[in-house]
1. Would you mind finding the one in 23, 45 that is under 19 Å from residue 91 (Cα atoms) and without any contact (Cβ under 8 Å) to a residue 40 or more places away in the chain?
2. Taking segment 126-146 as the search range and keeping residues that are in contact (Cβ under 8 Å) with a residue 40 or more places away in the chain and more than 19 Å from residue 36 (Cβ to Cβ), which one is surrounded by the most Cβ atoms within 10 Å (Cβ to Cβ)?
3. What number of residues within segment 107-145 are part of a strand (DSSP E or B) and out of contact with any helix residue (DSSP H, G or I) (no Cβ under 6 Å at 6 or more places or on another chain)?
4. In segment 146-160, how many residues are in a loop (DSSP other than H, G, I, E, B) and either within 21 Å of residue 86 (Cα to Cα) or under 15 Å from the mean Cα position of the chain (by Cα) (or both)?
5. Exactly one condition in (1) closer than 29 Å to residue 145 by Cβ; (2) part of a loop (DSSP other than H, G, I, E, B); (3) in contact with a strand residue (DSSP E or B) (Cβ under 7 Å, 6 or more places away or on another chain); (4) touching a residue at least 60 places away in the same chain (Cβ under 8 Å) is false for residue 34; which is it?
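Values in this text are rule-based calculations from the coordinates and carry no lab data. Since this is a predicted model, take the numbers as computed values, not measurements. Every residue, glycine as well, gets a Cβ built from its backbone with ideal geometry; the counts of neighbours run over all protein chains shown.
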């Protein structure tokens, strides 16, 4: 008999310097149409019900730039064109019977048909994003490169 303790690793983000985190931009309630990692870029769709909006594809015009690597290995992304994008960022729910594996934010994702927070982005905002939030793993040579959002997954695409 064997045990499999493998847990899929998901993207995660921190609201390092977001205007929405300080009351200067909206934080929307977004109803997810698919499972989503924290730190993906999505759009605010149509009104679903009071204070809840449907999820929309990431805006094509969203643009950003990787400005630095954080001490924990993540990357700081500065928004250069918000284009009505929202950053999906929800606080993980930790079960009562958790163990050390539940302390890793890469073990969490947001399930389809749940309502999560979508931080309205603003030019100049900076957020920290793990490597899993990019379509290809960033490296130290990615610093200064432009990023866009994949319309389907919401993960960031590093310009060549």
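1. Numbers: 45 fails: under 19 Å from residue 91 (Cα atoms).
The conditions single out 23.
2. Out of the qualifying residues, it is 138.
3. Just the residues of segment 107-145 that are part of a strand (DSSP E or B), to begin with: 110, 115-120, 126-129, 134.
After this cut, where a residue has to be out of contact with any helix residue (DSSP H, G or I) (no Cβ under 6 Å at 6 or more places or on another chain) as well, the list is 110, 115-118, 126-129, 134.
So the answer is 10.
4. Just the residues of segment 146-160 that are in a loop (DSSP other than H, G, I, E, B), to begin with: 150-155, 159-160.
This time we only want the ones that are either within 21 Å of residue 86 (Cα to Cα) or under 15 Å from the mean Cα position of the chain (by Cα) (or both), so: 150-155, 159.
The total comes to 7.
5. Going through the list (1) closer than 29 Å to residue 145 by Cβ; (2) part of a loop (DSSP other than H, G, I, E, B); (3) in contact with a strand residue (DSSP E or B) (Cβ under 7 Å, 6 or more places away or on another chain); (4) touching a residue at least 60 places away in the same chain (Cβ under 8 Å), residue 34 breaks only (3).
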